[in-house]
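Values quoted throughout were computed directly from the atomic coordinates according to the rules given, and no laboratory measurement underlies them. Just so it is clear, the model here is predicted, and its values are computed rather than measured. All Cβ positions, even for glycine, are placed from backbone atoms using ideal geometry, and neighbour counts span all protein chains on display.
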Ligand code: DX5
Ligand code: ZN
């Protein structure tokens with residue numbers, strides 16, 4: 001079953017609670033929270049305080065995408081803030097296996113275990129996750145260079161997703177594939193076709209007037 005994960009990077013922060021309610025009513029399953037530190041990516045967004053606010057405002061699963069250096073130092077704070085899923089970048093982790101174990105051993109504020117993901121930038125090969133794949137709940141394939149919403153989908157990502165899907169099947173991994181960046185009504189069918197289950201979309205949802213029409217339209221395209 002396809003999971004739509006709207007990225008609040010493109011939401012209106014003057015009314016975050018209402019934005020969360022509206023995407024929930026529209027059929028979203030996760031809310032994607034992009035954390036940027038101005039080091040790993042050339043932009044700064046928000047940290048555990050916003051995750052904690054989302055946790056109080058919605059029952060949607062909180063999908064925290066850490067675009068930060070040294071994520072180990074911050075994982076406990078995001079767990080305490082209520083993260084349900086935490087994704088780190090392979091490029092930011094010297095000891096990726098250790099970091100993945102740290103996420104998996106963490107419990108959030110509701111005492112639920114946290115699901116672990118690893119993200120790969122467009123230029124990073126799939127081999128970066130090969131030896132942690134068995135431990136992962138999801139792999140995030142970046143289809144833009146991270147840092148900003150509203151960028152165009154990089155077409156070569158489709159081949160990468162297809163290859164990852166084969167790799168997951170060959171290894172009997174239970175990891176699902178998440179894709180992030182430039183996912184919109186005109187790209188989502190192709191992204192779904194190659195094995196994606198979780199679709200992050202920021203501007204394609206929040207820049208439209210009717211989130212229900214947008215998300216339901218995306219789900220229809222996925223199921224075509
Ligand atoms: C990019 C972020 C994305 C971003 C996607 O660095 O990781 O989650 O919000 O934005 P859109 O959907 O507008 O490409
Ligand atoms: Zn993201």
- Theoretical ellipticity at 222 nm over the chain - DSSP helices of four or more residues, -39500 (n - 2.57) apiece, nearest 500: -9500 deg cm²/dmol
- Arrange the following residues from fewest to most other Cβ atoms within 10 Å of their Cβ: 124, 14. 14, 124
- Using alpha carbon centers only, region 190-224 is separated from region 85-129 by a whole-angstrom value of 25 Å
- Query: Which of 179, 132, 64 moves most in a GNM of the chain, Cα contacts under 10 Å?
  - Reply: 132
- Query: Direction-averaged shadow area of the convex hull around the Cα atoms of region 2-137, nm²?
  - Reply: 8.2 nm²
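Where does each of 15, 221 land when they are ranked from fewest to most other beta-carbon atoms within 10 angstrom? List each step's numbers first, then the result.
Working: 15 11, 221 18.
If I rank by nearby Cβ atoms, fewest first, I get 15, 221.
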